[in-house]
1. Please state which one of ARG172, ARG178 is buried (at least 17 other Cβ atoms within 10 Å of the Cβ), basic (Lys, Arg) and touching a Phe, Trp or Tyr at 6+ places or on another chain (Cβ under 9 Å).
2. Take residues that are open to solvent by 20 Å² or more (accessible area, probe 1.4 Å) and in contact with a helix residue (DSSP H, G or I) (Cβ under 9 Å, 6 or more places away or on another chain) and tell me which of the helices (runs of 4 or more DSSP H) falling wholly in region 249-366 contain 2 or more.
3. Tell me whether region 138-148 contains one or more residues that are assigned to a helix (DSSP H, G or I) and either under 20 Å from the mean Cα position of the chain (by Cα) or charged (D, E, K, R) (or both).
4. If you check ARG67 against the conditions, is it among the basic types (Lys, Arg) and at pLDDT 95 or above?
5. Check LEU89 against each of (1) part of a helix (DSSP H, G or I); (2) open to solvent by 10 Å² or more (accessible area, probe 1.4 Å) and name the one condition it does not meet.
6. Looking only at region 25-61, count how many residues are of a type outside the set (D, E, K, R), surrounded by 16 or more Cβ atoms within 10 Å (Cβ to Cβ) and part of a helix (DSSP H, G or I).
7. So, ARG233, is that one touching a Pro at 6+ places or on another chain (Cβ under 6 Å) and either open to solvent by 10 Å² or more (accessible area, probe 1.4 Å) or modelled with pLDDT of 95 or more (or both) or not?
Amino acid sequence: MDRKARVAGVGLEPFATPSKSRTYDELGKGAIVSALADASVEFDDIEQIYAGYVYGDSTSGQNVAYRVGMTGVPVVNVNNNCSTGSSALWLARQSVESGAAECVLAVGFEQMQRGALTAEWDDRPTPFDRFMTVAREVAPAADNVPMAAQLFGGAGTAYAERYGISTETYARIAVKARQHAAHNPHAVFREPLTVAEVLASPHIFGPLTRLQCCPPTCGAAAAVVCSPEFARRRGIPAVVEIAAQAMTTDRPSSFDTADLMKLVGYDMTVAAAQQVYEAAGIGPEEIPVVELHDCFTTNELLSYEALGLTPEGTAEKFVADEQNTFGGRVVTNPSGGLLSKGHPLGATGLAQCAELTWQLRGQAGNRQVPGATLALQHNLGLGGACVVSLYRKVD
């Protein structure tokens, strides 16, 4: 029997800066209601709920679900740093494919504070000590620079030194993000940018300037995942299948060398992508559209190669030849990505799922990738976890 999970419905609350956002429970409720309506199911049809968020009290997932209804079903709260939303989806997909449930909800939300991410606890070991130990072996710690910017900026420097690329290459990725976001009403930052403007914005670390770093935003997204049999029985046109999905965590290679590219998840991404391609029986050259984790322009560039979209060492030419946008080899982040939408940690992975579901349904409007029947998603969290998902349009 075909048990490949289908994405029956998606919902997204437009992201907003912290000063303009509603509370997380209101955002989460809105995303759930939209996803249920999109799937043509009722909240009573949901058998399990996986709720993803990073910054919030325990059982915030229940608080969000209770805003929609109290049906007594299991609610599992998920926290996997920046890959939290995709981790919730990974669990929902597993539940359906295993036969444990027929219709499951994954929801992700985040009510973030202004400014860069900071540690919440100073009275216990942090999971990032080993990351910063390796980073400091390569370069002295930078005062007043957020940890993530040091790590991803350092990785961008390492790549540039290895392959001799210019800082303008990274800046072009930010320009491309805004070009795509101009067609996305859900994006926060839609105004066009030039390379000169990107490079002239305040310097953060390494090749990174402020306009090459995703901003903190608040938001929510949700997906209803069901079995093919449930969709047939209910007459739901669930045409988007999760064809393959993999989650990976760090191996010793992340820390055994002073390679900042590996420290920020390069090897995790390579491993997850290879598992997905092998499971689906396709190659990266067949992928026409990707939503990948562009928390910084440097990570978008690294991810091109880690996902196999272009061979190692060729990302600068890939960008210069505009192979990463409409009319090129593969459209990356047609939504505008994290650089333009912002990054509400728990919601990001499910927002990527929503965008790719719309792409495969042909519902993406002016940012539609023509004829897309396959779509790839990449969601990365330091600490660490990487989720790569392949979606396929089915009859």
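1. Result: ARG178 is the single residue among ARG172, ARG178 that is buried (at least 17 other Cβ atoms within 10 Å of the Cβ), basic (Lys, Arg) and touching a Phe, Trp or Tyr at 6+ places or on another chain (Cβ under 9 Å).
2. The helices (runs of 4 or more DSSP H) meeting that bar are 253-256, 266-280, 315-320.
3. Yes, region 138-148 has at least one match.
4. yes
5. Going through the list (1) part of a helix (DSSP H, G or I); (2) open to solvent by 10 Å² or more (accessible area, probe 1.4 Å), LEU89 breaks only (2).
6. 13
7. Against the criterion (touching a Pro at 6+ places or on another chain (Cβ under 6 Å) and either open to solvent by 10 Å² or more (accessible area, probe 1.4 Å) or modelled with pLDDT of 95 or more (or both)), ARG233 does not qualify.
For every residue, the table says whether it meets (1) over 11 Å from the mean Cα position of the chain (by Cα); (2) under 30 Å from VAL76 (Cβ atoms); (3) in contact (Cβ under 8 Å) with a residue 12 or more places away in the chain.
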| position | (1), (2), (3) |
| --- | --- |
| GLN275 | yes, yes, yes |
| THR298 | yes, no, yes |
| LEU301 | yes, no, yes |
| ALA315 | yes, no, yes |
| PHE318 | yes, no, yes |
| GLN323 | yes, no, yes |
| VAL330 | yes, no, yes |
| LEU345 | no, yes, yes |
| GLY362 | yes, no, no |
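The values are calculated or read from the model by the stated rules, or taken from the named source; none is laboratory data. Only a predicted model underlies this, so the values are computations on that prediction, with no experimental measurement involved. Glycine gets a Cβ as well: all are built from the backbone with ideal geometry, and neighbour counts include every protein chain shown. Each accessible area value is taken on the protein alone, full model and side chains, heavy atoms only, with ligands, DNA and RNA left out. Shrake-Rupley method; radii C 1.70, N 1.55, O 1.52, S 1.80 Å.
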